[in-house]
1. Among 287-295, 302-310, what's the highest-first ranking by average C-beta atoms within 10 angstrom per residue?
2. With θ taken as phi - 60° and the coefficients 6.51, -1.76 and 1.60, list the Karplus ³J(HN,Hα) couplings across the range 205-222 in order, rounded to whole Hz; mark glycine and proline as x.
3. Considering only the other residues whose Cβ falls under 12 Å of the Cβ of Tyr435, what net charge follows from Lys and Arg at +1 and Asp and Glu at -1?
4. When only C-alpha pairs under 8 Å and at least 6 residues apart count, what is the relative contact order of the chain, in percent?
5. Of Leu352, Ile394, Ser408, whose Cα points farthest to the positive end of the dipole of the range 291-432 (charges on the beta-carbon: +1 Lys, Arg; -1 Asp, Glu; origin at the Cα centre)?
6. When the helices in the chain are scored as -39500 (n - 2.57) per DSSP H run of 4 or longer and the sum is shared across all residues, what 222 nm value do you end up with, to the nearest 500 deg cm²/dmol?
7. Please give me the summed charge of the neighbours of Pro292: other residues whose Cβ is under 15 Å from its Cβ, Lys and Arg +1, Asp and Glu -1.
8. If you split all Cα-Cα distances of the chain into 10 Å bins from zero, what percentages do you get per bin, shortest first?
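All of the numbers you see were taken from the coordinates with simple rules; none came from a lab. As the structure is a prediction and not an experimental result, all values here were calculated from the model. Cβ coordinates were reconstructed from backbone atoms using ideal geometry, including for glycine residues, and neighbour counts include every protein chain displayed.
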Amino acid sequence: MYLRQLQIENLKLIRDLTLRFRPDPKAGEGMWTVLIGRNGRGKTSILRAIAAAAFGKSQASMLAEAWLHSTPDRRNETPAQTIIGAWFPFGSRRPIHESIPDDAIGFVSWLGYTSGDSEFVGRTKLHARDLGSDEGHDLWLFEGDAPRDSPALNEPRHVPGDPVFSIGAIDEFIVEARRKNLDRLFVAAFGNTRRLHRPGSVESRSGQAHRIASLFDPEYRMAGLDFFKNLGNGRSERFRKLLQRALFQSRELMHEVSGVRLGELIFDDSGVPDEIQQDQTYTATLDLPGGPIDVPTAWLADGQQALLSWLADLIGHLMLDQRDVTDPADFEGLVLVDDIDLHIHPDWQTRLVPALKRAFPKLQFIVTTHSPLIISSLRPEEVVVLDLDEGGNIQANPLDVDPRLLTSAELYRHVFGVRNTPPDPIHRTLRRYEYLARDGIRTAEEQARMLRLREELEAAGVRDLIDPEPRQQDDGEA
């Protein structure tokens, strides 16, 4: 499934926000959206709102318990009810269940939270019409039957005269679907702590809520490569093949890591400490200038581990959801990633999004970043700029420049609002010294200043200073 429209009201500094998405896997367009903005502009909250709506009130309340109480907009003495609405159309791999009519093409999910409550309230409705195709259409389609007695929710919110195309009698569709682990409603979300744990240290878990848990819990331990150990029943080999094909068919995605080997966790009495034997269960091949070398995955750099961890976790969950897929390029679903540039070198950042697009062309990605290099390969419509309006409310603005045509310095200035990157004071001292040193007609006062600047630079450890031009003395100087 995919996300076409998101509406949020009264969530922290979001008073009223609508985001529309245009995922088109057949055309290969609209599959990426990158949220940018200063800290405190709601990027992570938007990802969490999407994940919560995709999983329904029960699992959202359980997963987001700590976040839940921080959601209301507290600028008013009595915070207004937080409301989240989302339109999720099915993909070509639509879910199969007797409760889903043949003409259903997706569902609307609604969540509400009132300050002081212990959980979300909400409903879902199956729909036979693409709600996201109408720019004027509103998602609040619960006129008169809202799950809570609230005037704000009982008002007619859809366009006058536009009928509600809901079908089916199940108001709790997504709650029941998640409870039964119904396949082909795939959403995965990854927070900004993405560690690769020691082989065999993460036990097998059941339930789809684990797909999004790390977005809400920074201490959550993703299975990652341990999907290989936990799957069993012949599925481990399929995981290995999908991992190899998605991550290492192109050398762009995993940078210098060209492959991983996943072995069984077996301890022997060779005298090698158990911890080292455990680390050597999963190994990676590093392509270095002197030739390839195999090292335990636990010895990889943090950026390599973080990317390998969440991508392996993603593939593991995808293969359990879409059991007939043999090519990673055929996986469908929605993926949310917070701080996608985490621990990644700038050169690698410029290639990450294009490599992910090639590896997973039918996955819709909605991610956040603070890096201009992540968006350097994107079209303007793939970037959403979050900022505050005059009333202090978060608003979404389109990008008015094409990131592909800008240098990193121009991206910092035009997109991220960094007007001037102040250099270290020693840099300014060096510039003043070099200006005076190249001036052969500097005055005696300037000569003395140049010598003082040179002493400062040498004391600061600056080497290879240019030698001053010989100074031409005035006729009147002694």
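1. Details: 287-295: 9.7, 302-310: 21.6.
So the order, starting with the most tightly packed, is 302-310, 287-295.
2. Karplus-based 3J(HN,Hα) across the range 205-222 equals 10, 10, x, 6, 4, 5, 5, 10, 4, 5, 6, 9, 10, x, 8, 5, 9, 6 Hz.
3. On the way: positive: Arg428, Arg431, Arg432, Arg438, Arg442, Arg449; negative: Glu434, Asp439, Glu446, Glu469.
Local charge sum for Tyr435: +2.
4. On the way: 870 pairs, mean separation 77.4, N = 478.
Relative contact order here is 16 percent.
5. Of Leu352, Ile394, Ser408, it is Ser408.
6. On the way: 13 runs with 135 residues, N = 478.
So the calculated ellipticity at 222 nm is -8500 deg cm²/dmol.
7. Combined, the nearby Lys, Arg, Asp and Glu give -1.
8. In whole percents, the pair-distance histogram is 4, 17, 25, 21, 14, 8, 6, 3, 1, 0, 0.
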